[in-house]
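> The following block contains the structure, expressed as structure tokens.
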Amino acid sequence: MKQFARKWLLPILAVTLMIIYYITNIQLSPATSIELTQNYHSKIILIPLDTRPPCQKMVVDAGKMAGIEVITPPSEIMDYYTKKGDSKAIQKWLLENISQVDGAIISIDQLLHGGLLASREAQTTDAERVELIKFLHELRQKAADKPIYAFNILPRITPTPTLESDSKKIIKISRLLDEISIFQNVDDIKLVEDLKEDIKEEDLNTYLDLFKKNTAMNKDLIQLTQDNTLTKFIIGQDDGEDFGVPNMEKRSLQNYLHAVNIPSEKVMITKGADEVALSLLANFVQQKTNYQPKIYVAYNDEKAAGTIMPFMAGSVGSTVKEKLNLSNAIEVNSPDKAGLILYVFIGNDDNLSTQYKSAVEIKKYLAQGKKIALVDLSKHFSASETVFPELLKENVPINNLVAYAGWNTASNSIGTALANAIIYKASRPEFNTTNDILALEYNRLTLLYNRILEDYYYLKEIIDVLNITLRTNGYENVNDLDMEHNYIWMNDLLQQDMNKRTWALWHSKSAQQPIAVQTPDGIYKLTIRYLQAETFFPWPRTFEIYLQSHLNLYRLP
């Protein structure tokens, strides 16, 4: 037995060492750790839509790329899930701090109601609206000539859960009212009257009144932009559909904008909500750098642009056009004329064959030195319908992507990828030290991995596993976690699962491929080492996560 053990000991040891070397060979290659300092060259205030990471953290992180310190109000006066923010305290804090920064991005929903969720139940009075207008005039006086960007969100079609009537019937009425306003169908008019008999008149009035008040507020804000109290004003549309009262409000505001003849670079209506502050940060960077991007838009197939994705009130192509307009971009008809390629992948169960074609195309563009912002969406929120797995399979150098996004709605993802890419492209020529250039790349890579790990790995793979685990153990409501029991347990499972996927991603050939960065001290060939992800649920629900990538940059010889 001992002789047998001695006979196989050396071969087993050799194989073990080979496996260890295979796994860690890049880590063992000669390289020098890059030590960086984050320098800030300007400062801006953000009053976020709410405290979820997409509305707050993502904007703060993107600001680092441009050397902009994004300041937000103290957490104790901000919203937290169903607890609304202290609007008066936030207004006071904003007035006290506006003179110390270079500009502001402000959510009207936060300033007036205390956040997006609170705005859905708001019963704002005319007096409160007038008081906010007065406050904004005072803010302009304090800000002097500094830019103030503001945004407000159209209420979504779904009524507040505090109403007693059947929400499905109110939504049906909402859709029919919009269709009647367009088609004047007699049968639809009769159906609305029948549906009204099954719900409380008071509930329907409360629902419709929310849109009337929102329209009045938006018209006031448009006037404030006309007189330059606000530098720019964006109206976002949350969770849209083909028909509904929100679309009626949108058309009314579009007609009003046309009547007052205000340019789109001052006021614009766009699909989306959570990503609007990030788009305005990109506008702030563009204003500072005089950057106007030339963008070529590529789709994975000829049907992608015409696809209407879930929760959207229009096609992918119309959303792309809106986001390009919001970015003051010039759309060009050839990748060779573009400084940036916006690659939009819209996956469904009928076009899986486009995954390989798209991966090869993206790899070719990257090999040519093209800058690509990748939007990676699935019609059914399925990992199997996205292009990202094919990128890994084909060893596409993902570290060369300027931006990636594939979360929630098409407007969220398109707006996020485009804004991050524009901030990067606009900022790069502004930096002239090796430290600042490398810090820009570090922040870009951190944002890139934040989005890949959350948008692909969490939202397409992990979230379903966690929700099934909760339900299997008797917790049906995944949007109301018990802070003393399953919240802690779920955070544990989330971190464990993310650790495994982060490790696998880091060791893929796609992630291990180095990038070359030109600096005043020559070309730096950089590689990523020790990629980790810190994750937890910021609110007691599984819908979104806090995710922060931690990576080390090393310089190869």
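> Would you check if Leu224 is under 25 Å from the mean Cα position of the chain (by Cα) and modelled with pLDDT of 95 or more? Spell out the reasoning first.
Numbers: under 25 Å from the mean Cα position of the chain (by Cα): no; modelled with pLDDT of 95 or more: yes.
Here the answer is no, as Leu224 does not meet what is asked.
> Moving on. Considering only residues that are in a loop (DSSP other than H, G, I, E, B), farther than 19 Å from Leu445 by Cβ and either open to solvent by less than 20 Å² (accessible area, probe 1.4 Å) or of a type outside the set (Phe, Trp, Tyr) (or both), which ones fall in region 458-511? Explain how you work it out, then say what you get.
The first filter runs over region 458-511 and keeps only residues in a loop (DSSP other than H, G, I, E, B), leaving 473-485, 507-508.
If we keep only those that are farther than 19 Å from Leu445 by Cβ as well, we get 473-485.
Of everything in region 458-511, those that are in a loop (DSSP other than H, G, I, E, B), farther than 19 Å from Leu445 by Cβ and either open to solvent by less than 20 Å² (accessible area, probe 1.4 Å) or of a type outside the set (Phe, Trp, Tyr) (or both) turn out to be Asn473, Gly474, Glu476, Asn477, Val478, Asn479, Asp480, Leu481, Asp482, Met483, Glu484, His485.
> Being more than 28 Å from Val465 (Cα to Cα), surrounded by fewer than 24 Cβ atoms within 10 Å (Cβ to Cβ) and not β-branched (Val, Ile, Thr) is the requirement here; does Pro389 meet it?
Numbers: more than 28 Å from Val465 (Cα to Cα): no; surrounded by fewer than 24 Cβ atoms within 10 Å (Cβ to Cβ): yes; not β-branched (Val, Ile, Thr): yes.
Judged against the criteria, Pro389 is not a match.
> Looking for something surrounded by 15 or more Cβ atoms within 10 Å (Cβ to Cβ), part of a helix (DSSP H, G or I), touching a helix residue (DSSP H, G or I) at 6+ places or on another chain (Cβ under 9 Å) and free of Cβ contacts under 8 Å to residues at least 24 places away in the same chain - is there at least one such residue anywhere in region 94-109?
Scanning region 94-109 turns up no residue that is surrounded by 15 or more Cβ atoms within 10 Å (Cβ to Cβ), part of a helix (DSSP H, G or I), touching a helix residue (DSSP H, G or I) at 6+ places or on another chain (Cβ under 9 Å) and free of Cβ contacts under 8 Å to residues at least 24 places away in the same chain.
> Ok, one more. I'm trying to understand the selection: among the residues of region 539-557, which are open to solvent by 10 Å² or more (accessible area, probe 1.4 Å) and of a type in the set (A, V, I, L, M)?
Selection gives Leu556 alone.
> While we're here: Please go through (1) modelled with pLDDT under 95; (2) within 23 Å of Asn473 (Cα to Cα); (3) open to solvent by 60 Å² or more (accessible area, probe 1.4 Å) for Phe536 and return the number of the only condition it doesn't satisfy.
In the conditions (1) modelled with pLDDT under 95; (2) within 23 Å of Asn473 (Cα to Cα); (3) open to solvent by 60 Å² or more (accessible area, probe 1.4 Å), Phe536 misses (1) alone.
> Where the second residue is open to solvent by 70 Å² or more (accessible area, probe 1.4 Å) and part of a loop (DSSP other than H, G, I, E, B) and the first is under 17 Å from Pro538 (Cα atoms) and lies in region 467-488, which pairs have Cβ atoms under 9 Å and are six or more apart or on separate chains?
Val478/Phe543; Asn479/Phe543; Leu481/Tyr475; Asp482/Tyr475; His485/Tyr475; Asn486/Asn473; Asn486/Tyr475
> Being assigned to a helix (DSSP H, G or I), of a type in the set (A, V, I, L, M) and open to solvent by less than 60 Å² (accessible area, probe 1.4 Å) is the filter here, so list the residues in region 166-203 that pass it. Outline the logic, then answer.
Of all residues in region 166-203, those assigned to a helix (DSSP H, G or I) come to 167-183, 186-196, 201-203.
Subset that is of a type in the set (A, V, I, L, M): 170-171, 173, 176-177, 180, 182, 186, 189, 191-192, 195.
Those that are assigned to a helix (DSSP H, G or I), of a type in the set (A, V, I, L, M) and open to solvent by less than 60 Å² (accessible area, probe 1.4 Å): Ile170, Ile171, Ile173, Leu176, Leu177, Ile180, Val192, Leu195.
> Can you find a residue in region 143-164 that is part of a helix (DSSP H, G or I) and crowded, with 17+ Cβ neighbours inside 10 Å?
The first filter runs over region 143-164 and keeps only residues part of a helix (DSSP H, G or I), leaving 143.
Subset that is crowded, with 17+ Cβ neighbours inside 10 Å: 143.
Among the residues of region 143-164, at least one is part of a helix (DSSP H, G or I) and crowded, with 17+ Cβ neighbours inside 10 Å, which makes the answer yes.
> How many residues are at positive phi and surrounded by fewer than 19 Cβ atoms within 10 Å (Cβ to Cβ) if we restrict to region 204-244?
Of the residues in region 204-244, the ones at positive phi are 228, 239, 244.
The next check asks that each one be surrounded by fewer than 19 Cβ atoms within 10 Å (Cβ to Cβ); those that pass are 228.
Total satisfying the criteria: 1.
> In region 512-533, how many residues are of a type in the set (A, V, I, L, M), open to solvent by less than 50 Å² (accessible area, probe 1.4 Å) and either under 18 Å from Glu454 (Cβ atoms) or free of Cβ contacts under 8 Å to residues at least 60 places away in the same chain (or both)? Steps first, please.
The first filter runs over region 512-533 and keeps only residues of a type in the set (A, V, I, L, M), leaving 515-517, 523, 526, 528, 531, 533.
Checking which are open to solvent by less than 50 Å² (accessible area, probe 1.4 Å) leaves us with 515, 517, 526, 528, 531, 533.
Now restrict to residues that are either under 18 Å from Glu454 (Cβ atoms) or free of Cβ contacts under 8 Å to residues at least 60 places away in the same chain (or both): 528, 531, 533.
Number satisfying all stated conditions: 3.
> Only one of (1) within 25 Å of the chain's Cα centre (by Cα); (2) small (Gly, Ala, Ser); (3) open to solvent by 40 Å² or more (accessible area, probe 1.4 Å) fails for Ser279. Which number is that?
(3)
> Out of the residues in region 419-429 that are out of contact with any Ser or Thr (no Cβ under 6 Å at 6 or more places or on another chain) and not basic (Lys, Arg), state the one that is surrounded by the fewest Cβ atoms within 10 Å (Cβ to Cβ).
Among them, the one singled out is Pro429.
> Assuming Gly415 fulfils every condition listed in (1) in contact with a Gly (Cβ under 8 Å, 6 or more places away or on another chain); (2) over 17 Å from Lys371 (Cα atoms); (3) open to solvent by less than 10 Å² (accessible area, probe 1.4 Å) apart from one, which condition is it?
Gly415 satisfies every listed condition except (2).
The values are calculated or read from the model by the stated rules, or taken from the named source; none is laboratory data. Bear in mind that the values here come from a model prediction, so they are computed numbers and not experimental data. Glycine gets a Cβ as well: all are built from the backbone with ideal geometry, and neighbour counts include every protein chain shown. Just the protein is used for accessible areas: all its heavy atoms, side chains included, with ligands, DNA and RNA removed. Shrake-Rupley method; radii C 1.70, N 1.55, O 1.52, S 1.80 Å.
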